[in-house]
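Report on the following structure.
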Amino acid sequence: LFGKKAQDEKQARAEEERREAERRKREVMFRQVLDIDPEDTLAHFGLGELCLERKQFAQAREHLETVLRHDANYTVAYLALGKALLGLG
């Protein structure tokens, strides 16, 4: 039983490490876009979503509010911003 639990925990850690590596790749891509165009809504939205995944709610809020300042019709950003605000309490 302990061997199975340890194996499951090891697999869960490996899966989380894989997910975080994927997040880092996406983050680099979005930041490269923002280096070219600091107002790019898709890149800000992507970074906001990444921050939500990492439970970095204040940073998510900043990115998502930037999206909405530039495009008030970016409706999915409102939902994501709501999640960030809930995370902030």
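For the chain, relative contact order (Cα pairs under 8 Å, six or more residues apart, normalised by length) works out to 21 percent.
Here the range 29-70 is treated as an ellipsoid with the same Cα gyration tensor; its semi-axes, largest first and in whole Å, are 16, 12, 6.
Here's the picture: charge each Lys and Arg Cβ at +1 and each Asp and Glu Cβ at -1 in the chain, and of V67, Q32, A14 the one pushed furthest to the positive end of that dipole is A14.
The alpha-carbon of K5 sits under 27 angstrom from the alpha-carbons of these lysines, leaving out residues fewer than 8 places away in its chain: K55.
The residues of the chain expose, per residue, 71 Å² of accessible area to a 1.4 Å probe. The eigenvalues of the Cα gyration tensor, multiplied by 5 and square-rooted, give the range 1-86 an equivalent ellipsoid with semi-axes of 32, 15, 8 Å from largest to smallest. Only protein heavy atoms count here; under a 1.4 Å probe, H70 has an accessible surface of about 90 Å².
Between R26 and A6, the contour length at 0.36 nm per residue exceeds the alpha carbon distance by 4.2 nm. A simple charge model with +1 on the Cβ of Lys and Arg, -1 on the Cβ of Asp and Glu and nothing else charged puts the dipole of the chain at about 520 debye relative to its Cα centre. The residues packed around D71, meaning those with a beta-carbon under 14 Å from its beta-carbon, carry a net charge of -3 if Lys and Arg are +1 and Asp and Glu are -1. Note on T75: accessible area is roughly 100 Å² with a 1.4 Å probe, heavy atoms of protein only. Charge tally for L42 (other residues, Cβ to Cβ under 12 Å; Lys, Arg +1; Asp, Glu -1): -4.
Take L88: with every protein chain present and a 1.4 Å probe, its accessible area is about 80 Å². Once R0 is set to 25 Å, what does the formula 1/(1 + (r/R0)^6) return for the Cβ-Cβ distance between T75 and I36, expressed as a FRET efficiency to the nearest 0.05? For R0 = 25 Å, the calculated efficiency reads 0.50.
The values are calculated or read from the model by the stated rules, or taken from the named source; none is laboratory data. Just so it is clear, the structure is predicted and the values come from calculations on it, not from any experiment. As a convention, Cβ positions derive from the backbone with ideal geometry for all residues, glycine included, and neighbour counts pool all protein chains shown. Quick note on the areas: whole protein, heavy atoms, side chains included, nothing else; ligands and nucleic acids left out. Shrake-Rupley method; radii C 1.70, N 1.55, O 1.52, S 1.80 Å.
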